[in-house]
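Report on the structure given below.
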Amino acid sequence: KERQVQSEKVYNTQCPYCSVQCQMQLIEQRSVTRKTYKTVGKDNPTSKGRLCVKGMNAHQHALHKDRITQPLVKIDGEFIPVSWKEALECIRENVTNIQKEDGYNAMSVYGSASITNEEAYLMGKFARVALKTKYIDYNGRLCMSSAASAASAVFGMDRGLTNSIEEIPYAETIVLAGTNIAECQPTIMHYFEQAKENGAFIVAVDPRETATTRMADLHIKIKPGTDAAFANGLLKVIIDNDWIDRSFIEEKSIGFEDVKEYVASLELEDISAQTDVPVKEIRRVALSLGEKETGMIFTARGVEQQTDGSMAVRNLLNILIATGKLGKPSCGYGAITGQSNGQGAREHGQKADQLPGYRSIENEEHRAHISNFWGIAEKDLPRKGASAFEMIEKVDQREITGMFLLCSNPVVSNPNARFVKQALQKLKFLVAVDLFKSETAQLADVILPTSSYLEDEGTMTNLEGRVTLREASKKVPGEARHDWEIICDVAKSLGKEEYFSFSSAEEVFNELREASRGGIADYYGMTYERLRKKQGILWPCPSLDHGGAARIFEDSFAHADGRAKMTVVPSEPVVKKEETCEKYPLYLTTGRVMAHYLTGVQTRKSSALTAREFESFLEIHPQTAQQYHIRNGELVRIESRRGGIVVRSKCTETIRQDTVFVPFHWDEKQNVNRLVAEDLDPNCRMPGFKVSAVKVAPYDIN
Ligand code: SF4
């Protein structure tokens with residue numbers, strides 16, 4: 001009787017984790033003796049009411065007792081609770097002093113792709129208008145910058161999926177390159193399963209066997225780091241056999257002849273040796289892409305997080321152009337973004353090189369438009385700064401001495417993570433906005449408590465490019481505030497009230513809509529009311545009677561001449577990847593597990609999720625393990641040129657013998673990013689997370 005439900009409250013929300021943005025409800029039930037929670041899926045156009053284990057347990061971190069609920073200021077190494085007034089005064093004083101002593105650009109802003117569109121917009125405006133600094137970038141740089149840069153270069157526009165997700169089941173060929181959808185975005189897996197039931201030929205390219213590769217008809221167990229070469233092999237077979245769409249190439253693209261000439265100079269056997277993919281498998285994939293009427297290619301971090309990631313993606317896009325598989329039903333490209341707002345967070349000016357509406361900060365017309373919109377002189381609008389990791393290098397060089405960090409954990413997420421921690425410790429002043437005392441927040445001088453997904457209203461743009469409205473029906477705990485409020489409060493404390501006098505997320509969205517008007521990512525036609533009614537709208541949506549764009553590039557591409565740009569992609573990258581050698585004989589690749597998200601700040605607080613995966617691990621082939629005297633389940637030291645970590649071994653035949661895998665969700669001592677080199681993709685500044693050279697040995701506790 002004591003346990004009988006006496007009252008029930010339902011909170012409508014969206015999952016805070018991956019880019020599918022499943023809609024869901026948190027149900028709070030009260031009985032005489034206790035309060036219990038459960039999360040259930042809610043019908044929506046993308047995930048159709050499905051949830052994965054992360055979504056089902058998201059409330060565990062939001063309701064966690066370790067949430068920060070009051071501003072904290074570090075005094076003599078201890079965090080002391082203070083009032084908002086005191087915290088904001090501390091920030092004002094330190095920021096003013098830093099900028100007086102070291103210049104405007106000494107302050108930097110490090111943002112996130114897990115925040116709402118409204119907050120991403122405000123971050124860009126805050127950096128350029130309130131701080132007048134050119135140094136702003138965000139953690140999405142480490143996640144999606146290769147795909148974004150490739151799509152922008154090839155199509156003139158970067159939207160996650162070129163087609164509505166509903167078209168996937170009708171594609172006859174599907175290539176999943178470096179994407180483990182079954183574990184990372186499980187609730188869209190059914191689209192691919194339906195395609196398979198409909199007879200599609202599904203190819204998964206991955207050095208490891210995963211739940212996704214097991215669903216595929218063909219698993220290409222590629223040698224890490226050779227995706228661009230593999231795509232050249234496919235192009236060569238397609239062009240040699242004339243499986244191209246000549247009229248599409250002639251009418252809608254440029255650059256084909258150069259690509260044709262380059263791949264003609266390659267030998268398929270050499271590509272096979274370089275990639276470790278048998279010639280017959282290259283031919284089989286090429287045949288399917290060339291012969292079938294419809295086909296789609298999807299990429300994710302496996303291809304993208306490499307020092308030639310942007311070019312590898314471009315080469316896969318070359319295939320779609322050569323075969324005319326764009327702008328038609330079930331023909332297109334999809335970058336499966338990782339973070340919850342991986343798409344939207346890159347559209348509104350939070351990137352080093354961008355202004356709202358996906359405008360360029362170096363384009364004079366765009367600069368004039370946005371400075372005029374913000375009411376500042378164009379000469380006062382800072383120019384392009386530096387990418388996320390490069391900002392940290394500037395901290396190390398003491399060019400940047402202050403940082404405002406929002407919902408991000410760079411100490412764990414960046415390459416050469418030990419260096420990153422040492423660099424951030426050199427800052428004169430660090431403000432962290434977070435839910436918890438993350439590994440990076442612990443280094444801060446001030447921590448400002450923010451709202452979780454349950455409390456924070458705003459729009460998110462999912463992996464399709466669908467803008468959804470996340471409702472917030474729960475109150476923030478204690479004195480925590482919304483991210484958008486915090487950004488505005490700090491800006492106001494710096495004397496910029498006139499630019500940041502918003503009283504709701506909706507007001508910020510309405511300014512964002514106007515700012516985006518006429519830009520590539522045009523949100524003007526969306527309002528909170530429309531988003532509520534339609535359960536999301538696919539951008540671009542330029543007018544209030546526009547229904548959103550389900551399929552893009554049907555008539556032309558977004559470049560001024562309307563054509564897609566093919567380009568030669570060398571099989572050998574410009575920035576050399578780490579090769580294995582006698583001292584470091586194995587390739588290390590990194591990735592996710594289903595139960596955790598990013599650096600684990602939120603998911604490691606969930607008892608249900610940590611029960612599934614409570615520590616990191618090393619996936620290693622049994623024969624490789626035997627060669628290095630490693631037994632299953634024992635502690636192993638993994639070492640690269642940057643240092644070492646210790647994790648437990650998991651022997652499995654699902655991985656290549658020359659490769660080991662470690663997930664990246666754990667903190668310092670188990671943080672695999674300590675091993676990763678800081679080399680960056682020259683086009684988009686993406687670090688090469690997916691290929692490092694390492695050695696492994698049993699760990700001697702003594
Ligand atoms: Fe949906 Fe992704 Fe959340 Fe899982 S993690 S419930 S797939 S949004």
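The values are calculated or read from the model by the stated rules, or taken from the named source; none is laboratory data. Because the structure is a prediction, the values reported are computed rather than measured. Cβ placement follows ideal geometry from the backbone for every residue including glycine, while neighbour counts extend to all protein chains displayed.
Looking at the range 116-123, can you tell me whether even one residue there is of a type in the set (S, T, N, Q) and over 22 Å from the mean Cα position of the chain (by Cα)?
no
Would you check if there is a residue in the range 295-303 being modelled with pLDDT of 95 or more and either in contact with a Phe, Trp or Tyr (Cβ under 6 Å, 6 or more places away or on another chain) or polar (S, T, N, Q) (or both)?
There is at least one residue in the range 295-303 that is modelled with pLDDT of 95 or more and either in contact with a Phe, Trp or Tyr (Cβ under 6 Å, 6 or more places away or on another chain) or polar (S, T, N, Q) (or both).
For the range 184-211, which residues satisfy the criterion of being among the polar types (S, T, N, Q), more than 16 Å from the ligand (Cβ to nearest atom) and under 19 Å from residue 45 (Cα atoms)?
The one that is among the polar types (S, T, N, Q), more than 16 Å from the ligand (Cβ to nearest atom) and under 19 Å from residue 45 (Cα atoms): 194.
For the range 27-41, give me the residue count where each residue is closer than 15 Å to residue 454 by Cα and either of a type outside the set (D, E, K, R) or within 13 Å of the ligand (Cβ to nearest atom) (or both).
The qualifying residues number 5.
Any chance the range 523-538 includes a residue that's at pLDDT 95 or above, within 24 Å of the chain's Cα centre (by Cα) and surrounded by fewer than 22 Cβ atoms within 10 Å (Cβ to Cβ)?
Checking the range 523-538: at least one residue is at pLDDT 95 or above, within 24 Å of the chain's Cα centre (by Cα) and surrounded by fewer than 22 Cβ atoms within 10 Å (Cβ to Cβ).
Do we find a residue being loosely packed, with under 15 Cβ neighbours inside 10 Å and within 19 Å of residue 412 (Cα to Cα) anywhere in the range 617-634?
Within the range 617-634, none of the residues are loosely packed, with under 15 Cβ neighbours inside 10 Å and within 19 Å of residue 412 (Cα to Cα).
To keep it simple, each residue is scored yes or no on (1) in the same structural domain as residue 592 (by TED's automatic domain parsing); (2) touching a helix residue (DSSP H, G or I) at 6+ places or on another chain (Cβ under 6 Å); (3) surrounded by fewer than 22 Cβ atoms within 10 Å (Cβ to Cβ).
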| site | (1), (2), (3) |
| --- | --- |
| 646 | yes, no, yes |
| 662 | yes, yes, no |
| 665 | yes, no, no |
| 668 | yes, no, yes |
| 676 | yes, no, no |
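Might you check whether a residue that is over 25 Å from the mean Cα position of the chain (by Cα), touching a residue at least 60 places away in the same chain (Cβ under 8 Å) and crowded, with 21+ Cβ neighbours inside 10 Å occurs anywhere in the range 591-607?
For the range 591-607, residues over 25 Å from the mean Cα position of the chain (by Cα), touching a residue at least 60 places away in the same chain (Cβ under 8 Å) and crowded, with 21+ Cβ neighbours inside 10 Å: absent.
Looking only at residues in the range 554-590 that are basic (Lys, Arg) and either at pLDDT below 95 or in contact with a Leu (Cβ under 7 Å, 6 or more places away or on another chain) (or both), which one is surrounded by the fewest Cβ atoms within 10 Å (Cβ to Cβ)?
576
For the range 75-91, indicate whether the set of residues that are of a type in the set (D, E, K, R) and either closer than 19 Å to residue 394 by Cα or in the same structural domain as residue 300 (by TED's automatic domain parsing) (or both) is non-empty.
Scanning the range 75-91, I find no residue that is of a type in the set (D, E, K, R) and either closer than 19 Å to residue 394 by Cα or in the same structural domain as residue 300 (by TED's automatic domain parsing) (or both), so the answer is no.
Out of 322, 335, 264, 273, which single residue is under 21 Å from residue 164 (Cβ atoms) and hydrophobic (A, V, I, L, M, F, W, C)?
It is 335.
Restricting attention to the range 153-164, report how many residues are surrounded by fewer than 23 Cβ atoms within 10 Å (Cβ to Cβ) and either in contact with a His (Cβ under 9 Å, 6 or more places away or on another chain) or at pLDDT 95 or above (or both).
3
Please go through the range 46-76 and pick out each residue that is away from the ligand (no atom under 12 Å from the Cβ), crowded, with 21+ Cβ neighbours inside 10 Å, closer than 18 Å to residue 455 by Cα and of a type in the set (A, V, I, L, M).
62, 68, listed by residue number.
Which ones in the range 439-451 are at pLDDT 95 or above and of a type outside the set (A, V, I, L, M)?
Scanning the range 439-451 gives 440, 442, 445, 449, 450, 451.
Does any residue of the range 126-139 turn out to be without any contact (Cβ under 8 Å) to a residue 24 or more places away in the chain and either in the same structural domain as residue 390 (by TED's automatic domain parsing) or at negative phi (or both)?
Looking through the range 126-139, none of the residues is without any contact (Cβ under 8 Å) to a residue 24 or more places away in the chain and either in the same structural domain as residue 390 (by TED's automatic domain parsing) or at negative phi (or both).
Taking the range 16-33 as the search range and keeping residues that are out of contact with any Pro (no Cβ under 9 Å at 6 or more places or on another chain) and touching a residue at least 40 places away in the same chain (Cβ under 8 Å), which one is nearest to residue 463 (Cα to Cα)?
19
Considering the range 125-150 alone, what residues qualify as being part of a helix (DSSP H, G or I) and surrounded by fewer than 24 Cβ atoms within 10 Å (Cβ to Cβ)?
Within the range 125-150, 129, 149 meet the criteria.
Residues 22, 18: which one is at pLDDT 95 or above, within 12 Å of the ligand (Cβ to nearest atom), surrounded by 14 or more Cβ atoms within 10 Å (Cβ to Cβ) and within 30 Å of residue 337 (Cα to Cα)?
22
Would it be correct to say that residue 224 is closer than 29 Å to residue 261 by Cα and either within 16 Å of the ligand (Cβ to nearest atom) or in contact with a Pro (Cβ under 9 Å, 6 or more places away or on another chain) (or both)?
For residue 224, the condition - closer than 29 Å to residue 261 by Cα and either within 16 Å of the ligand (Cβ to nearest atom) or in contact with a Pro (Cβ under 9 Å, 6 or more places away or on another chain) (or both) - is met.
May I ask you to verify whether residue 395 is of a type in the set (A, V, I, L, M) and farther than 20 Å from residue 62 by Cα? Steps first, answer last, please.
On the way: of a type in the set (A, V, I, L, M): yes; farther than 20 Å from residue 62 by Cα: yes.
For residue 395, the condition - of a type in the set (A, V, I, L, M) and farther than 20 Å from residue 62 by Cα - is met.
Out of (1) in contact with a Ser or Thr (Cβ under 6 Å, 6 or more places away or on another chain); (2) among the polar types (S, T, N, Q); (3) closer than 21 Å to residue 180 by Cβ, the odd one out for residue 683 is which?
Of (1) in contact with a Ser or Thr (Cβ under 6 Å, 6 or more places away or on another chain); (2) among the polar types (S, T, N, Q); (3) closer than 21 Å to residue 180 by Cβ, only one is false for residue 683: (3).
With (1) more than 25 Å from residue 482 (Cα to Cα); (2) touching a residue at least 40 places away in the same chain (Cβ under 8 Å); (3) among the small types (Gly, Ala, Ser) as the list, and residue 349 as the residue in question, which single condition is left unmet?
It is condition (1) that residue 349 fails.
Taking strands (runs of 3 or more DSSP E) that fall entirely within the range 365-471, which contain at least 1 residues that are more than 20 Å from the chain's Cα centre (by Cα)?
Those strands (runs of 3 or more DSSP E) span 402-406, 429-434, 446-449.
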